[in-house]
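Undergrad: Okay, handing you the structure first.
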Amino acid sequence: MSTEYHYPVIGRKGTGGVFDRFSIQELEKDHPYQFALFILAFTAVQQRPEALQVVEEPAATFMEIGSIHGRPYVEWAGDRNKDASADYSATDKKDTNPVPSRFGGYCTHGAVVFPTWHRPYVMLIEQSIGNVAEQLANDIEANNPNERGVWVKAAKELRFPYWDWAEKEVAENGLPPVLYEDKVEIMAAGGKKQIVNNPLSFFSYVGGIPSDFTDEVDDSTDQVAYFSKWQRTYRYAASTPDPDGSHIDLLQKTFKAGAKDLRRRVAHLFVFNDDENPALTWDDFSNHTAESKREMDFVNQGSLEGVHDTVHNLIGGNGQMSYPDYAGYDPIFYLHHANVDRLLALWEWCYTEYWMENGYEHDGEQYPWTQARGTYAQVYNEQLLPDGPLQPFRTEQGDYWTSSQARFLHEEAYPKYYSYPEFVGIKVNQAATSSEERAAARKKVATYYGFDPQTKAKQVTSHAWKHLPVPNQDDPAVPADHTVIPNYRTFVVHVKLPEYAYNRAYSFQLHHKGNAHSAPQLVGTTTVFARPDHSPCKACAVRRETGSVVRGMIPIPSELIESIIKSNMGSESAATFDKTLADIKKEFVGKLVDTTGSELAGAEGGLEAPCVPKHRAASRRVTPVEIALVSVAVAEHAEDKDRPVYLLDWQHHDSVFSGGWLATHRDSE
């Protein structure tokens, strides 16, 4: 291979049309020929020993595709360049430390381009598997003339599947077996069934473990992720150089516990009002940092990247999915990101006018979006623009993909050749006929995933909620064609965490401590999906130096608010909003936990919680920047109840954990 080589990301071009990405469960159940080809082709792309021999570009092997997300920190084979960098300096530590190379990875986390960059990334593996599937289909039909036209058609229609981890059934069933069982049944030629190794369960490294893979030691639990020794990927592995396999029971238990929170957070992605600032709304939605400078930033609904982060940790445990440098090697990474892409497609269909633009305005000043990045062709703090390059992914014309090209239904959109099945009336590759149609669909998506305050307000006990304040109907914040739902507020907890507090990924967990009638329960999680200090990621190094903060939000179910209000009711006359806020806070317990769920620091909620002694308090380095209770009133359209609700009167109710944080492990001291 020459020193300069480009492998274009063109998706499934040449397959005769645009076809849907199905859920992995639907692909397995209803499309047996596509599913069989998907499994066989994925096995071949992973270069497993039992795989059928096919011809594919070296850049499109699973080993190469997985490396794009992190280690080894070398250029992707599909985008080799002669020119190292115009701004390389032998005296600048960003170019010489930790390795003497300008290259610092393709990190787009915590940036407004996070969703758009990952779109061509998933298209790349879709393209690789699809190309191999077509070769396999041609071979099958050549050897089985009576099945001619069946396998090739299935191969051309095959698109990469997604797994909707926010489906209602996940809380009860966890991951579907096809995502973790080591064997899977597929259709074979002649209508027979065949049991084969499952390429979705794990990946074995090809050509040995890359030399820059390093073990990750969790000082709080002495657990070790032996990445320098593990020959394959794991989820919740034993802390040993040679685990028997992934701990699926623990994975299932952990994921089920967090599933309802994921569902609520997805719903909240679709409750942005329709009169928001386009660039600021995109900032809130697209990434977990929110770069824009706003004092009243507690109104943010949460972010797609934030939900994505939590899924990574719930799946990985101490395995690859919890570590950004290694996550791309777990096959489930791509089904996860296909669902992230699906949610992005739904969101941009509903909110077509909300976009990153060229920056944002604050107090009359214009500010650009920036990110400290570390690739050969980009400079630090380069402005992020809709037409800026999404390296290392190139189009067929040889230029890098741009965020504008990555969008659906945009005048600059680059052909993608995939869609998603119709969902609550939305077909993401077909434009809506009106803004009213988009608004109605937005309401349907939010309701599907569980945000339905109009119904919830009718289910709560009216006398228990009647003291909750809402704006008067003549308040200028209330749209003229809306009415405020009386005595009803939606509550969330807003979270701000130092990104590099623990030198690795970690999470804040909000628990309801329960009472005599109910057991303690996990309410929700905000995850910091961070790389350790020794990672060669240059973008991460700069964020670490600047004290980057990750933001998140945890919706509180109305059923829980109802339970708290009723369990703390004395005489009806004693009920006040301030008392209810205090009662809610005192019912909460906060935990900072590592990727295995082990507690690092803890806090008791409420004003009555005892203050943590100074000698036992968690270090300021790891203490959350803010964990605050926030509430918002809800208005509905006066005539059309199928239109989305309008959120207004956001109120910040101060810290939940005013007594401080107790260091429960040495890493927090």
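Undergrad: What percent of all Cα-Cα pairs in segment 521-625 falls into each 10 Å bin, going from 0 up to the bin containing the maximum distance?
TA: Calculated over all Cα pairs of segment 521-625, the distribution is 11, 33, 31, 17, 7, 2, 0 percent.
Undergrad: Here's something else I'd like to know. Averaging sequence separations of C-alpha pairs under 8 Å and six or more residues apart, then dividing by the length of segment 178-294, give the relative contact order as a whole percent. List each step's numbers first, then the result.
TA: Details: 110 pairs, mean separation 14.8, N = 117.
Here the relative contact order equals 13 percent.
Undergrad: Using a Förster distance of 30 Å, how high is the FRET efficiency between Glu357 and Lys253, based on the Cβ-Cβ distance and rounded to 0.05?
TA: The formula returns an efficiency of 0.10 here.
Undergrad: Going out from 0 in 5 Å bins, what whole percent of all Cα-Cα distances in segment 591-669 drops into each bin?
TA: 3, 14, 17, 16, 12, 9, 7, 8, 6, 5, 2, 1
Undergrad: By how many nm would the segment from His463 to Phe577 lengthen if fully extended, with 0.36 nm per residue of separation less the alpha-carbon distance? Mind dumping the intermediate values first?
TA: Working: separation 114, 0.36 × 114 = 41.04 nm, distance 1.32 nm.
Value of the extension gain: 39.7 nm.
Undergrad: So what does log10 I(q)/I(0) come out to for segment 166-275 at q = 0.17, 0.21 Å⁻¹, using the Debye formula with one equal point on every Cα and no solvent?
TA: Those come out to -0.99, -1.13, one per q.
Undergrad: Okay, next question. For segment 274-340, list log₁₀ I(q)/I(0) at each q in 0.16 Å⁻¹, using the Debye formula over Cα point scatterers of equal strength and ignoring solvent, two decimals each.
TA: -0.62
Undergrad: Quick one: which of Lys513/Lys538; Lys253/Lys456; Lys466/Lys513; Lys591/Lys641; Lys496/Lys614 span more than 31 angstrom between C-alpha atoms?
TA: Values: Lys513/Lys538 41 Å; Lys253/Lys456 28 Å; Lys466/Lys513 25 Å; Lys591/Lys641 39 Å; Lys496/Lys614 22 Å.
Violating the 31 Å limit, Cα to Cα: Lys513/Lys538; Lys591/Lys641.
Undergrad: Just checking the chain: which Cys have no other cysteine's beta-carbon under 4.7 Å?
TA: Unpaired cysteines in the chain: Cys107, Cys350, Cys611.
Undergrad: In vacuo Debye scattering of segment 496-567, one point per C-alpha: log10 I(q)/I(0) at q = 0.16, 0.17 Å⁻¹?
TA: Calculated log10 I(q)/I(0) at the listed q: -0.65, -0.69.
Undergrad: Next up: Quick check on segment 403-480: what does the Kirkwood estimate of hydrodynamic radius come out to from the alpha carbon pairs, in Å?
TA: Numbers: mean 1/r = 0.0612 Å⁻¹.
Across segment 403-480, the inverse of the average 1/r is 16.3 Å.
Undergrad: By average Cβ neighbour count within 10 Å, what is the ranking of 60-73, 181-194 from highest down? Intermediate values should be presented prior to the final figure.
TA: Working: 60-73: 21.1, 181-194: 13.8.
With the highest mean Cβ count within 10 Å placed first, the list reads 60-73, 181-194.
Undergrad: Take the Cα gyration tensor of segment 452-668, multiply each eigenvalue by 5, square-root it, and list the three semi-axes largest first, rounded to whole angstrom. Write out the running numbers ahead of the final one.
TA: On the way: eigenvalues 246, 98, 39 Å².
Over the Cα atoms of segment 452-668, the ellipsoid semi-axes are 35, 22, 14 Å.
Undergrad: Find the Rg to Rh ratio for segment 552-611, where Rh is the Kirkwood radius over alpha-carbon pairs and Rg uses the same atoms.
TA: Values: Rg = 14.2 Å, Rh = 13.3 Å.
Rg divided by Rh gives 1.06.
Undergrad: Kirkwood hydrodynamic radius for the chain: how many Å is it when counted over pairs of different Cα atoms? Kindly include the intermediate steps, with their values, before the conclusion.
TA: Details: mean 1/r = 0.0384 Å⁻¹.
After inverting the mean inverse Cα-Cα distance, the result is 26.1 Å.
Undergrad: Scaled to the compact-protein estimate 2.2 N^0.38 Å, what is the alpha-carbon radius of gyration of segment 6-78, rounded to two decimal places? Mind showing how you got there, number by number?
TA: Numbers: Rg = 14.4 Å, N = 73, 2.2 N^0.38 = 11.2 Å.
Here the answer is 1.28, to two decimals.
Undergrad: Quick one: which of 440-449, 279-288, 47-56, 482-491 comes out on top by average Cβ neighbours within 10 Å, and what's the full order, highest first? Don't skip to the end; give the middle numbers.
TA: On the way: 440-449: 20.8, 279-288: 24.3, 47-56: 12.9, 482-491: 18.8.
Highest to lowest by the protection proxy: 279-288, 440-449, 482-491, 47-56.
Undergrad: Now, a different point. Once you place label points 7 Å from the Cα toward the Cβ at Val625 and Glu562, how far apart are they in nm?
TA: In this crude spin-label approximation the distance works out to 3.6 nm.
Undergrad: So how do 249-257, 162-170, 502-510 stack up, highest first, on mean other-Cβ count within 10 Å?
TA: Working: 249-257: 16.6, 162-170: 20.4, 502-510: 23.7.
So the order, starting with the most tightly packed, is 502-510, 162-170, 249-257.
Undergrad: For segment 232-378, go through all pairs of different Cα atoms, get the mean of 1/r, take its inverse, and jot down that Kirkwood value in Å.
TA: Working: mean 1/r = 0.0575 Å⁻¹.
After inverting the pairwise mean of 1/r, the radius is 17.4 Å.
Undergrad: Let me check against my output: what whole-number percent is the relative contact order of segment 452-668, with C-alpha pairs under 8 Å and at least 6 apart? Present the calculation step by step, with values, prior to reporting the outcome.
TA: Working: 432 pairs, mean separation 59.0, N = 217.
About 27 percent, as a whole number.
Undergrad: On full extension of the chain, what length is gained from Asp642 through Ala431, given 0.36 nm per residue of separation minus the C-alpha to C-alpha distance? Walk me through the intermediate numbers first.
TA: Values: separation 211, 0.36 × 211 = 75.96 nm, distance 2.00 nm.
Once the chain is fully extended between Asp642 and Ala431, it gains 74.0 nm.
Undergrad: Here is a further query. Expressed as a rounded percentage, what relative contact order does segment 5-419 have, with Cα pairs under 8 Å and six or more residues apart?
TA: So the answer I get is 24 percent.
Quick note: the coordinates plus some simple rules give every number you see, no bench work behind them. Note that the structure is a prediction, hence the values are computed from the model and not measured. Cβ atoms come from the backbone with ideal geometry, glycine included; neighbour counts cover every protein chain shown.
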